[in-house]
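Reviewing the structure listed below.
The values are calculated or read from the model by the stated rules, or taken from the named source; none is laboratory data. Computed from a predicted model, the values in this text were never measured in an experiment. Neighbour counts run over all protein chains shown; Cβ positions are idealised from the backbone, glycine included.
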Protein chains: 2
Amino acid sequence: MSTPSEMANKVFSKKNQMGNSTSKVALRPVNRSRLHEEIVSQIQRKIISGEIKAGEKLPAERELAVELGVNRATLREAVKKLEAQGLVEVRHGDGVYVKDFLESENLDVLKAMIYHEGGVDSTIIDSLLIARIALLPEIAAVAAVKRKDEHVQKLKEIVELGKNMPALEADLAVHHTIARASENYLVIFILNFFNKLFREYGKYYFDDPQNEERSRKFHREIFSAIARGDAPRAKRIMRDVLIYARERTMNAMRKSL
Amino acid sequence: MSTPSEMANKVFSKKNQMGNSTSKVALRPVNRSRLHEEIVSQIQRKIISGEIKAGEKLPAERELAVELGVNRATLREAVKKLEAQGLVEVRHGDGVYVKDFLESENLDVLKAMIYHEGGVDSTIIDSLLIARIALLPEIAAVAAVKRKDEHVQKLKEIVELGKNMPALEADLAVHHTIARASENYLVIFILNFFNKLFREYGKYYFDDPQNEERSRKFHREIFSAIARGDAPRAKRIMRDVLIYARERTMNAMRKSL
DNA sequence: ATTGTATATTGGTTGAACCATTGAATGACT
DNA sequence: AGTCATTCAATGGTTCAACCAATATACAAT
């Protein structure tokens, strides 16, 4: 809740609103993409689309820099990011080789795979929803067993004050709290990934009043179950809502195609 | 099986063996850490250990470069990697800010959290083993339902020829194949993470002949279940072996402390 | 055929300079 | 006192030109 980026997102210059300072304008961050980020996107896309295959050697840095119209130092910064994503392997004195992105462990790559060629890949989305169903009920049960005042209190606040905040934000907070309560670090990291995705694209789900109401009900029930330490009930409640969400989400995606 | 790094690992100069060309010498890769990687490790460690807290601003690049005794371009390459890991946020004209690493989604960070201050953090290891138990049985069931000849054949080969390869390698291959068979991309990525960890540190587990035999048995049984499309059985077999592995692993870690 | 050597290629690092953005200090104006 | 625009110093972003270090390759020597 207090990372620099989130703090920064709450501040914007009034000048950009062109006098429309009171109404809620849907502002998107200015595209001030840094050069090396633009390069990362380009190469990342070519790798994930299969245009560049695993095992191939990229052109030499000096060549690539000329081709892209940037300085070699800038290109190198991009290559370092690609290396951190596990998409390329750099060999001193030899060259930069493309790796098999399906052998990656970097969820940024998975995210890029979702949004390839304009649309979203519903197959990958479904794999996320399925994994969530397998994982989170168990984690909810663990949270109910370990329950600490800190987390129960946090859930209570979300349920009580949550009516004043968007359903999406309340939902992200509930999952975040349960993950923290479970003290399972892998799940915490995976949930960070989920929540970042949902923060960008989950609004469509909560636009449906029926889904929002289902979500509010889930918040009340899971809080109750965890507060009482009823692990089996927490597990079932979590499972039910995730199965519901998967069905609704996949149906919506099917319709939009 | 064909990433550049793995191909490279099978090739080495005989000169490094200093005339001992026939005996099996335990050679470790020369530590030819590039400067920017050394820098990444240093700063990563300081962030994860809490020495640098979330929200703090790092010294200016020009200062930091002098302090580390490297050129600013080199430092910047390191910062780009840290940024890709979600550990810092760079703001043009302002500075480099440390982010809360518990809000990261990068499993490299989780790996670094495991190996902090010399030893391994058994709490995090256990969270991996728990998540694995929640996740993989369901994925084994999916694999049994979707079963394709390609994957069944691969499992058969591993079971038949696996006796000639180390149990660790056979085990990694089995899990890899099942993940691919499930076609669940998130699980594939998470399993890439697991397998990379186990390839480094799983040998201790398979040093125990009892564990190795248990693993071979698992390979035979899961192959049989998936080949017959028996999803419930595949699920149970996977679950049983993972629970066994968790108990043995955690017991071993407790003893070594 | 094997081994050693020279060379070109490629990534790694350096130093200096300049551009672009930001935050804070300043001062004018209300 | 508070608000606003201006100025300016600090900081990240990019460029340029070199040189260092590791590697692959071709070639010569054996």
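Observations on the structure shown:
- Looking at segment B:146-219, the helices (runs of 4 or more DSSP H) lying wholly inside it that each contain 1 or more residues that are within 27 Å of B:Ser122 (Cα to Cα) and modelled with pLDDT under 95 sit at B:167-182, B:185-201, B:203-206.
- Of all the residues in segment A:40-91, those that are over 14 Å from A:Ala112 (Cα atoms) and either outside any helix (DSSP H, G or I) or more than 9 Å from every other protein chain (Cβ to nearest Cβ) (or both) number 28.
- Top-ranked residue in segment B:74-99 [being surrounded by 15 or more Cβ atoms within 10 Å (Cβ to Cβ) and near DNA strand C (Cβ under 7 Å from one of its atoms); ranked as farthest from A:Glu77 (Cα to Cα)]: B:Thr74
- Some residue of segment A:188-201 being away from chain B (no Cβ under 14 Å), over 21 Å from B:Met113 (Cβ atoms) and crowded, with 20+ Cβ neighbours inside 10 Å: no
- Among the residues listed as A:Leu161, A:Leu128, A:Leu135, A:Leu186, the single one being in contact with a Leu (Cβ under 7 Å, 6 or more places away or on another chain) and farther than 21 Å from A:Glu247 by Cβ: A:Leu186
- Inspection of segment B:60-71 finds no residue satisfying the criterion of being on the phi < 0 side of the Ramachandran plot, in contact (Cβ under 8 Å) with a residue 12 or more places away in the chain and either buried (at least 19 other Cβ atoms within 10 Å of the Cβ) or more than 16 Å from DNA strand C (Cβ to nearest atom) (or both).
- So B:Glu117, is it in a helix (DSSP H, G or I), surrounded by fewer than 22 Cβ atoms within 10 Å (Cβ to Cβ) and away from chain A (no Cβ under 12 Å): no
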